[in-house]
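Encoded as structure tokens, the structure appears first; notes follow it.
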Amino acid sequence: MKYDVIIIGAGPGGIFAAYELIRLDAGLKVAVFEAGHALDKRHCPIDGDKIKNCINCKSCSIMSGFGGAGAFSDGKYNITNDFGGTLYEYIGKKQALDLMKYVDEINLRYGGEGTKLYTTAGSRFKTLCIQNDLHLLDASVRHLGTDINYIVLENLYADLKDKVDFYFDTPVQTVKHDDGLYKIVCADGIYECPKCIISVGRSGSKWMENICKELNIPTKSNRVDIGVRVELPAAVFAHLTDELYESKIVYRTEKYGDKVRTFCMNPKGAVVNENTNGIITVNGHSYEDPAKQTENTNFALLVAKHFSEPFKDSNGYGESIARLSNMLGGGVIVQRFGDLIRGRRSTHSRIQEAFITPTLSATPGDLSLVLPKRILDGIIEMIYALDKVAPGTANEDTLLYGVEVKFYNMEVEVDNKLECRYKDLYIIGDGSGITHSLSHASASGVHVARNIVNG
Ligand SMILES: Cc1cc2nc3c(=O)[nH]c(=O)nc-3n(C[C@H](O)[C@H](O)[C@H](O)COP(=O)(O)OP(=O)(O)OC[C@H]3O[C@@H](n4cnc5c(N)ncnc54)[C@H](O)[C@@H]3O)c2cc1C
């Protein structure tokens, strides 16, 4: 079977690439290969009742399938060059922002209309933060919410399904380059195309690494972010989240000079498990629909760890720490901040006696047995710093779930078209190591589609 363009991965990067290709040239024959299920077949078996913990499904419905890792996410589209990836380094700041705004317009047209756009511009919290040695990053954020995000994906699929061939539950085994054609090798056969877009996200990081080795595509990798997910009563951060929804706050620790930052803030949200290549870590999301909201807010506190030569396996380092928590807790560990400070583990009874109800059923334990001292010290310092702008953060009952790890795909060498050293082979989204967010991944998809059609 031959196509004009084959896209590997149906996450935001792949979907927006397909959308833009067809919009610009309806005659193009485009196929999308996706390892996971179609959107309506995606279902995580954890129900908190019969199945409490991750059972390592063959294809993780949280990470894979139409919509990619973003399908059940909070649908926070951050329109900024300050975080979420370094796409602007390749295509320029203005173009990156324009593409993110374009993606936002499409999201609104496909079901997101009426959702709120928050902005830090002119916010009084910038001053409050800086007065307390905290730094609030600039951004506009469209919060679709998990429910509306899903509707947008449903509508995009309904529009694309008759114009693009989707192959679900079809992991691509390998990509071969032969006589100007790309051969996309799957279990059921080989598909050919002159132009190929790889958008395999974080769940495809190992696969991407292998492809780069096989095709001899240069890569670099040396960063991993490690930390915890904090859960506290929504009232503690309400003054910030009501105005900004998500605040990205950075703090430099006194002890080591490390940077600790808040990440992925979910007002009135829920903490969830995340399975990356069989390793259980923690994440969070929240719904736009008030009926589905909780009384808690959660966000991650992450410490960026950059390694220098000769050590190269930063993701391996992060995985080992996550494995340690999985070994001790059978999955994610939860600990009260008060217990951590007293140097004792949390127990079921201590969690039950707390004035906060956890939204994730995790194993009570001791995070100091899992996280390296330097990282844990940084997180504790940051919690006390945040307590100055959001009193109650350093409360005894504040819950810390561990570990949260942000794995960064190794950065693949691409040019300003996001084309690698092979002509017409484009590597985009989180799989390229260049983006780490819905908006940047989607924007990268639009960018390559325009380059393919317009040259
Ligand atoms: C729980 C959760 C919440 C999140 N919340 C937010 C948020 O609010 N805001 C935000 O900006 N970001 C959020 N993120 C991150 C965001 O989802 C990602 O940055 C984004 O989805 C990246 O898009 P992508 O298309 O590059 O990759 P992905 O979305 O990861 O999509 C890649 C797709 O490729 C498929 N694939 C992988 N390997 C193969 C193969 N060999 N063959 C075929 N298919 C393959 C995968 O199954 C997957 O569906 C969240 C992530 C999670 C897990």
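Within 16 Å of Leu367 (Cβ to Cβ), under 22 Å from the mean Cα position of the chain (by Cα) and at pLDDT 90 or above: which single residue out of Thr281, Thr297 fits that description? Give the steps one after another, and end with the answer.
On the way: Thr297 fails: within 16 Å of Leu367 (Cβ to Cβ).
The conditions single out Thr281.
Going by the conditions given, is Lys50 under 18 Å from Asn273 (Cα atoms), of a type in the set (D, E, K, R), without any contact (Cβ under 8 Å) to a residue 60 or more places away in the chain and surrounded by fewer than 21 Cβ atoms within 10 Å (Cβ to Cβ)?
The answer is yes for Lys50.
Selection of the range 1-43 for residues being assigned to a loop (DSSP other than H, G, I, E, B), among the acidic types (Asp, Glu) and either more than 9 Å from the ligand (Cβ to nearest atom) or surrounded by fewer than 23 Cβ atoms within 10 Å (Cβ to Cβ) (or both) yields Asp4, Asp25. Within the range 109-119, the set of residues being under 21 Å from the mean Cα position of the chain (by Cα), surrounded by fewer than 21 Cβ atoms within 10 Å (Cβ to Cβ) and not in a strand (DSSP E or B) comprises Thr115 only. Looking at (1) of a type in the set (Ser, Thr, Tyr); (2) in contact (Cβ under 8 Å) with a residue 60 or more places away in the chain; (3) away from the ligand (no atom under 16 Å from the Cβ), find the lone condition where Thr294 falls short. Going through the list (1) of a type in the set (Ser, Thr, Tyr); (2) in contact (Cβ under 8 Å) with a residue 60 or more places away in the chain; (3) away from the ligand (no atom under 16 Å from the Cβ), Thr294 breaks only (3). Checked against the criteria, Asp82 does not count as within 12 Å of the ligand (Cβ to nearest atom) and acidic (Asp, Glu). Residues of the range 387-415 that are buried (at least 24 other Cβ atoms within 10 Å of the Cβ) and among the acidic types (Asp, Glu): Glu404 alone. Close Cβ contacts (under 6 Å, 6 or more residues apart or on different chains) running from residues in the range 264-291 that are assigned to a loop (DSSP other than H, G, I, E, B) to residues that are near the ligand (Cβ under 9 Å from one of its atoms) and β-branched (Val, Ile, Thr) comprise Tyr287/Thr146. Among the residues making up the range 95-129, those that are under 14 Å from Gly75 (Cβ atoms) and among the hydroxyl-bearing types (Ser, Thr, Tyr) are Tyr110, Thr115, Tyr118. When you check Tyr77 against the structure, is it within 15 Å of the ligand (Cβ to nearest atom) and assigned to a strand (DSSP E or B), yes or no? For Tyr77, the condition - within 15 Å of the ligand (Cβ to nearest atom) and assigned to a strand (DSSP E or B) - is met. When every residue of the range 419-429 is checked against the conditions, at least one turns out to be of a type outside the set (Phe, Trp, Tyr) and out of contact with any strand residue (DSSP E or B) (no Cβ under 7 Å at 6 or more places or on another chain).
Checked against (1) loosely packed, with under 15 Cβ neighbours inside 10 Å; (2) at pLDDT below 95; (3) not acidic (Asp, Glu), Tyr384 passes all but condition (2).
Just so you know, in the range 416-455 the residues that are farther than 11 Å from Tyr90 by Cβ and among the acidic types (Asp, Glu) include one that is surrounded by the most Cβ atoms within 10 Å (Cβ to Cβ), and it is Asp430. If you filter the range 120-156 down to residues that are surrounded by fewer than 17 Cβ atoms within 10 Å (Cβ to Cβ) and within 15 Å of Thr241 (Cβ to Cβ), you find that the one that is modelled with the highest pLDDT is Leu128. Can you name the residue in the range 164-186 that is of a type in the set (D, E, K, R) and not in a strand (DSSP E or B) and is also farthest from the ligand (Cβ to nearest atom) among such residues? Here the residue is Asp179.
Total residues in the range 217-246 satisfying the condition of being more than 19 Å from the chain's Cα centre (by Cα) and in contact (Cβ under 8 Å) with a residue 60 or more places away in the chain: the figure is 14.
Would it be correct to say that Gly378 is in contact (Cβ under 8 Å) with a residue 40 or more places away in the chain, out of contact with any helix residue (DSSP H, G or I) (no Cβ under 7 Å at 6 or more places or on another chain) and crowded, with 24+ Cβ neighbours inside 10 Å? Yes, satisfied.
The values are calculated or read from the model by the stated rules, or taken from the named source; none is laboratory data. Everything numeric here is computed off the predicted structure, so don't read it as measured data. Quick reminder, even Gly has a Cβ in these numbers, built from the backbone with ideal geometry, and neighbours come from all protein chains shown.
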